[in-house]
Amino acid sequence: MRRLRPLILFALALAALVAGAGGGASQDAGGAPVHVIELSGSVDTVLADWIDGRIGAAEDAGAAAVLIQIDTPGGLASATDDIVGRIRTADVPVAVWVGPSGARAASAGAFIAASARHVLMAPGTNIGSATPVGFDGGDLSDKVVNDAAASIAALAEATGHNPAAYRAMVTDASNLTAQEAVDADVADALADSREAAIAWLDGRPDGTGGTISTAGAPVETDALPWYLEVLQAITNPNLVFLLLIAGMVGLMIEVLSPGGIIPGAAGLIALLLGLAGLSALPFNWIGLALIVLGVGLLFAETQVPGFGALAIAGIVALCLGGVFLFGSGDDGISTSPWIVVPLGIGVGAGAALAARRVVVAQRNRPVTGVEMLIGQDAVAAGAVDADGGQVLLNGERWAARAPAGARYETGTPLRVVRVDPENLIVMVVPRPHKEE
């Protein structure tokens with residue numbers, strides 16, 4: 001599913017171009033630019049992929065430096081690792097500014113700050129509270145916490161910052177104000193604005209034995225595009241589960257009742273949104289297979305009499321699929337059983353009942369067209385035999401045939417027993433006598 005992400009992002013980017021969405025803002029011209037990347041909101045794989053691309057663009061442009069402006073409450077461990085790894089391997093100096101005033105670099109933001117050679121903070125900001133938790137806010141195992149503590153300490157040590165202070169952000173969930181961070185050597189200096197942070201970088205080491213030159217450099221700012229914000233909004237695991245099953249059920253109803261349009265269109269949209277969200281999260285194929293199996297069993301229930309074992313099995317498969325969809329949750333990503341189980345039961349039972357009603361309605365729908373002629377009375381309008389003839393039926397003359405070996409003379413009371421709709425020929429037999 002991860003291979004689908006570039007296609008989804010390309011489609012959304014194309015939509016942005018059609019809508020006239022612009023790129024990043026640019027100030028001044030000439031010289032090696034400074035690229036500012038605005039990292040705000042939760043850190044996820046969508047944001048990680050975008051930052052990877054923006055750092056790559058800065059490298060291609062020969063930028064003097066990249067300044068990542070941070071304001072985040074945290075995010076996914078896997079996405080944070082991707083961003084940290086990209087910063088550490090960048091061919092351009094990368095600095096972090098926690099700002100503007102009121103911003104924070106919590107949890108994932110602290111890891112990203114620790115990976116940067118230069119860290120600046122605006123007055124009124126804070127950094128820390130980096131103890132990893134599950135998606136639902138629950139505590140993770142000691143193994144996960146100890147690994148995170150060692151990782152952030154190693155990053156801080158590699159960038160010349162205080163590893164003990166950064167480690168405490170994980171083990172003790174410590175959080176420092178801007179001035180406390182500078183005093184503890186967690187940050188290098190205070191900078192009350194983006195421009196001040198860029199000016200402070202001028203002449204600082206670039207990590208390769210040279211210095212950063214930002215004096216008079218043009219500034220190019222990149223903010224997350226709206227279409228990626230849409231993708232971010234649908235990466236909640238519980239919402240992804242709901243979109244997937246709603247999409248599949250909608251398509252199932254459309255298959256059972258062709259021409260309904262609304263169930264099929266809504267189902268297709270929900271399914272595509274669910275797949276888009278799924279592509280941005282590390283998921284378990286077993287969970288996805290169980291969801292598909294559950295919908296398949298609900299469909300099979302409509303093809304057999306009664307409401308029984310297949311429907312119940314389908315609902316159980318949906319619930320298990322929702323629980324297993326995102327694995328153990330060690331990455332901080334998991335669905336809540338308290339949400340997905342009621343959803344699975346409700347959607348599954350509702351889908352089974354709706355599908356059953358659709359099938360019953362299809363089977364009981366009134367017969368229309370020439371099929372309505374079957375069982376109606378007619379009168380021979382001339383000789384009728386196996387080779388053909390005509391009958392009077394509802395005041396009209398119809399071509400007719402008699403069974404092999406039979407022959408009916410003019411005026412014989414007949415009854416239609418079969419219709420050939422392609423050739424508009426009715427098969428007739430003598431009308432039975434009424435019993436006294």
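None of the figures in this text is laboratory data; all of them are computed from the coordinates on show. Please read all numbers here as calculations on a predicted model, not as lab measurements. Using ideal geometry, Cβ is built from the backbone for each residue, glycine included, and neighbour counts are taken over all protein chains shown.
Here the mean projected area of the convex hull built on the C-alpha positions of the range 234-363 is 7.2 nm².
What separates the Cα centres of the range 193-241 and the range 154-185 is a distance of 21 Å.
In plain terms, the C-alpha convex hull of the range 203-287 casts an average shadow of 10.0 nm² when viewed from every direction. In this simple spin-label model, placing a label point 7 Å from the Cα along the Cα-to-Cβ direction at both Gln303 and Glu396 gives a separation of 3.7 nm.
The Ile339 and Ala32 beta-carbon pair, evaluated with R₀ = 51 Å, returns a calculated FRET efficiency of approximately 0.55. Label point of Lys143 set 7 angstrom out along Cα-Cβ; within the range 72-92, amide nitrogens under 20 Å from it belong to 77-79, 81.
Extension gain for Asp52 to Asp81 (0.36 nm times residue separation, less C-alpha to C-alpha distance): 9.3 nm.
Take the Cα of Thr177, step 7 Å toward its Cβ, do the same at Val379, and the gap between the two points is 10.7 nm. Rounded to the nearest Hz, the phi-derived 3J(HN,Hα) couplings of the range 225-235 under the Karplus curve 6.51 cos²θ - 1.76 cosθ + 1.60 (θ = phi - 60°) are x, 4, 5, 6, 5, 4, 4, 4, 5, 9, 9, where x marks glycine and proline. Per-residue 3J(HN,Hα) values for the range 273-281, derived from phi via the Karplus relation 6.51 cos²θ - 1.76 cosθ + 1.60 with θ = phi - 60°, read 5, x, 5, 5, x, 5, 5, 9, 10 Hz in sequence order (x marks Gly and Pro). Taking the Cα-to-Cβ direction at Ala404 and at Thr208 and moving 7 Å from each Cα, how far apart do the two end points lie in nm? That separation, rounded to one decimal, is 9.2 nm. Computed 3J(HN,Hα) for the range 84-94, one whole-Hz value per residue from the Karplus formula 6.51 cos²θ - 1.76 cosθ + 1.60 where θ = phi - 60°, is 4, x, 5, 5, 5, 9, 5, 8, 9, x, 10, glycine and proline marked x. Each semi-axis of the equivalent ellipsoid for the range 369-430 is √(5λ) with λ an eigenvalue of the Cα gyration tensor; in descending order they amount to 16, 12, 10 Å.
Using 1/(1 + (r/R0)^6) with R0 = 45 angstrom and r between the beta carbons of Ile269 and Glu195, what's the FRET efficiency to the nearest 0.05? So the FRET efficiency works out to roughly 0.55.
Rounded to 0.05, the FRET efficiency of the Ala313 and Ala223 pair, given R0 = 60 Å and the Cβ-Cβ distance, is 0.80.
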